[in-house]
Amino acid sequence: MTRLEEVQAKLAMAREFMAARGLDALALSTRASFAWLTAGGMNHVGLGSATGVGTIVVTPDAQYILTDNIEAGRIEDEETGELPFEIHFTQWDEADPAEMLGSVADGRIGCDAPYGGAAEEIGADFARLRWQLMQPEVERYRQVGAIASEAIAATCRAIEPGMTEHEIAADLMGRAFAAGCQPVVALIAADERALKYRHPIPTDHRLREHVMVVLGCSKWGLGISATRMVSFGEPSAEIRDKHAACCHVDACLNLETRPGAVVSEIFDKAVSAYAERGYADEWRLHHQGGATGYAAREYKGSLECDEFVLERQAFAWNPSITGTKSEDTIIATAEGPEFLSAGADWPRLEVEYGGVTLERMDILVR
């Protein structure tokens, strides 16, 4: 399937969505929708923005990109030039989203973010179209996973005691950028900070003995999440036990994530796995991850989540026990989880769950 064929297939899906809901058009402004519908195109400027600077409008018989004169040239040249989108733009200081939208569409317009007066919110329902990946998306995703895996492993092998968490984060994000990915999350917890915080944004704390390194990055709109643990010197028996238990829960989550499985049931088994290893309440201290792909979290797993796992759907589970965490990104298949971000040279820990032995990422001892 070529990129054009992929986009045409997705446009057909978008129009089926419109027809099923009695909509006359769609206005899609989020980065996730733009990347999905253009098979990897980017419409953002700010790395942390959820919406972009170009809005796709789909009508029953045409498709447009609405933007301003600052963005139009780059979007056409570098993102969508060979694709069947008609670009409309206005002078940046005269832009009127309502007028632009009205020039190409009218009637009931669904939107994934407010734009030009379109107020019929369809974001949550429309997101479902992108959950089941096409084969070209899987192939791109594998490339993103390999980049992320190498970047986080290289950083963990390069860092030294005395470096600040900011310096570690800079190394990590620099490697991701250098390889063509866009880092969106860099969490670094050195020493006692790993015991205190589940979301440790980097600080000036200097690494002494051990560190948790977390990377979130994306390319073509497809996001990877991964966590690695590094110890300078042999970790304590307590940390070893916690990490082994955490990897056991991780194995449970990933092996239970099979097409057709109910997410609440997967989550319930993970809660039991925590208890079996003696850490019954740790799951309450942090979310456990969930479905991913074009959004960092398409949805989070929980005991109430009634979603079903789809064939070729991406997940990033991240069980944690105070002081340690296990996390990689997978694609769910009938044959078992395909790990996207676990390809780099790294020490493995063999974990048995449900009669299956799975290799998970161990603590790197330096």
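Odds and ends about this structure:
- Single residue of region 10-25 satisfying the filter (touching a strand residue (DSSP E or B) at 6+ places or on another chain (Cβ under 8 Å) and under 22 Å from Thr51 (Cβ atoms)) that is most open to solvent (accessible area, probe 1.4 Å): Arg21
- Residues being without any contact (Cβ under 8 Å) to a residue 40 or more places away in the chain and among the β-branched types (Val, Ile, Thr) - total across region 250-277: 1
- With a requirement of 2 or more residues that are at pLDDT below 95 and β-branched (Val, Ile, Thr), none of the helices (runs of 4 or more DSSP H) lying completely within region 124-241 satisfies it.
- In region 89-102, the residues that are assigned to a helix (DSSP H, G or I) form Cβ pairs under 7 Å with partners that are of a type in the set (Phe, Trp, Tyr), at six or more places apart or across chains, as follows: Pro97/Tyr115; Leu101/Tyr115.
- Check on Glu121, open to solvent by 20 Å² or more (accessible area, probe 1.4 Å), within 30 Å of Ala291 (Cα to Cα) and acidic (Asp, Glu): yes
- Some residue of region 316-339 being in contact with a Pro (Cβ under 7 Å, 6 or more places away or on another chain), open to solvent by 10 Å² or more (accessible area, probe 1.4 Å), at pLDDT 95 or above and over 23 Å from Ala148 (Cα atoms): yes
- Count of residues meeting criterion [out of contact with any Gly (no Cβ under 8 Å at 6 or more places or on another chain) and within 15 Å of Leu340 (Cα to Cα)] in region 176-225: 3
- Among residues of region 280-310 being part of a loop (DSSP other than H, G, I, E, B), open to solvent by 60 Å² or more (accessible area, probe 1.4 Å) and at pLDDT 95 or above, the one that is farthest from Arg128 (Cα to Cα) is Asp281.
- Subset of region 209-253 that is in contact with a Phe, Trp or Tyr (Cβ under 8 Å, 6 or more places away or on another chain) and among the charged types (D, E, K, R) - its residue that is most open to solvent (accessible area, probe 1.4 Å): Glu209
- Residue list for region 156-167, filter: surrounded by 17 or more Cβ atoms within 10 Å (Cβ to Cβ) and either farther than 22 Å from Lys219 by Cβ or in contact with a Gly (Cβ under 9 Å, 6 or more places away or on another chain) (or both): Ile159, Met163, Glu165, Glu167
- Against the test of being charged (D, E, K, R), open to solvent by less than 40 Å² (accessible area, probe 1.4 Å) and touching a residue at least 12 places away in the same chain (Cβ under 8 Å), the options Asp191, Asp204 yield a single qualifying residue, Asp191.
- Answer residue from region 26-79, given it is within 18 Å of the chain's Cα centre (by Cα), open to solvent by 10 Å² or more (accessible area, probe 1.4 Å) and free of Cβ contacts under 8 Å to residues at least 40 places away in the same chain and is nearest to Gly221 (Cα to Cα) among those: His44
- Residues of region 356-366 that are open to solvent by 70 Å² or more (accessible area, probe 1.4 Å), outside any strand (DSSP E or B) and not basic (Lys, Arg): none at all.
- Count of region 54-88 residues which are assigned to a helix (DSSP H, G or I) and either touching a strand residue (DSSP E or B) at 6+ places or on another chain (Cβ under 7 Å) or of a type in the set (A, V, I, L, M, F, W, C) (or both): 4
The values are calculated or read from the model by the stated rules, or taken from the named source; none is laboratory data. Source: prediction; values computed, not measured. With ideal geometry, Cβ positions are generated from the backbone for all residues, glycine too; neighbour counts draw on all protein chains shown. Note: accessible area is taken over every heavy atom of the protein model, side chains too, but ligands, DNA and RNA are not part of it. Shrake-Rupley method; radii C 1.70, N 1.55, O 1.52, S 1.80 Å.
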